[in-house]
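Following: one structure in structure tokens, then a few remarks.
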Amino acid sequence: MNTLLQTQYPAPAALLPHQPPMLLIDEILDFCPGKLLIATRRVREEEPFFQGHFPGNPILPGVILVEMMFQACGLYGRMDSPVGEGKSGRAIKITEASFRKEVVPGTVLNIHVYFQHKLMNFSVYKAEVLSGKELVANAIITATLS
């Protein structure tokens, strides 16, 4: 993480087309061009998906964790490109997804996306969602910006 110099990064809403309640990233914590982006999300009790998943025992749906990873990749792509703002992004593929720990309201998640390689207009990332130092979910993500 950026410990020597505190850098002010753009708000995720300024880079992504998503709007609440589907904007699932609160803040960009760190960015290293060509390498990684770290973002954060505080899971709130009033999230709409907790109403039915599961009453009395709310657990964050895995598909929401996947969407957080895709959004973090979208942020990386926009931050790494000189003309990244306003670009249209698309989720292409997710592989090797694993869900290791249940996420409940009040959890603070850090989403790490590590740039792996680019082929034509497709970028591949290794993505991890952590709660503290504990791995919650991970996947290999392919996305595109156009």
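Of the residues making up region 40-70, those that are hydrophobic (A, V, I, L, M, F, W, C) and farther than 16 Å from L109 by Cα are F49, F50, F54. Where strands (runs of 3 or more DSSP E) fall wholly inside region 49-146, the ranges with 1 or more residues that are in contact with an Asp or Glu (Cβ under 8 Å, 6 or more places away or on another chain) are 108-119, 134-145.
Selection of region 24-48 for residues being assigned to a loop (DSSP other than H, G, I, E, B) and out of contact with any helix residue (DSSP H, G or I) (no Cβ under 6 Å at 6 or more places or on another chain) yields D26, G34, K35, V43, R44, E45, E46, E47.
Each residue in region 100-118 was checked for being farther than 14 Å from E47 by Cβ, in contact (Cβ under 8 Å) with a residue 12 or more places away in the chain and more than 15 Å from the chain's Cα centre (by Cα), and 4 of them qualify. If you check V104 against the conditions, is it surrounded by fewer than 19 Cβ atoms within 10 Å (Cβ to Cβ), within 23 Å of Y9 (Cα to Cα) and not polar (S, T, N, Q)? It is false that V104 is surrounded by fewer than 19 Cβ atoms within 10 Å (Cβ to Cβ), within 23 Å of Y9 (Cα to Cα) and not polar (S, T, N, Q).
Can you pull out the residues in region 99-146 that are basic (K, R) and touching a strand residue (DSSP E or B) at 6+ places or on another chain (Cβ under 9 Å)? Steps first, answer last, please.
If we filter region 99-146 for residues that are basic (K, R), which is where we start, we get 100-101, 118, 126, 133.
R100, K101, K118, K126, listed by residue number.
Within region 67-78, is there a residue that is of a type in the set (A, V, I, L, M), under 19 Å from L15 (Cα atoms) and at pLDDT below 95? Checked against the condition, which is being of a type in the set (A, V, I, L, M), under 19 Å from L15 (Cα atoms) and at pLDDT below 95, region 67-78 yields no hits at all. Considering region 46-84, the residues that are acidic (D, E) and over 13 Å from the mean Cα position of the chain (by Cα) include one that is surrounded by the most Cβ atoms within 10 Å (Cβ to Cβ), namely D80. So, V63, is that one without any contact (Cβ under 8 Å) to a residue 40 or more places away in the chain and β-branched (V, I, T) or not? Here the answer is yes, as V63 does meet what is asked.
The values are calculated or read from the model by the stated rules, or taken from the named source; none is laboratory data. Predicted model, so just to flag it, every value in this text is computed and none were measured. Note that each Cβ is placed from the backbone with ideal geometry, even for glycine, and that neighbours are counted across all protein chains shown.
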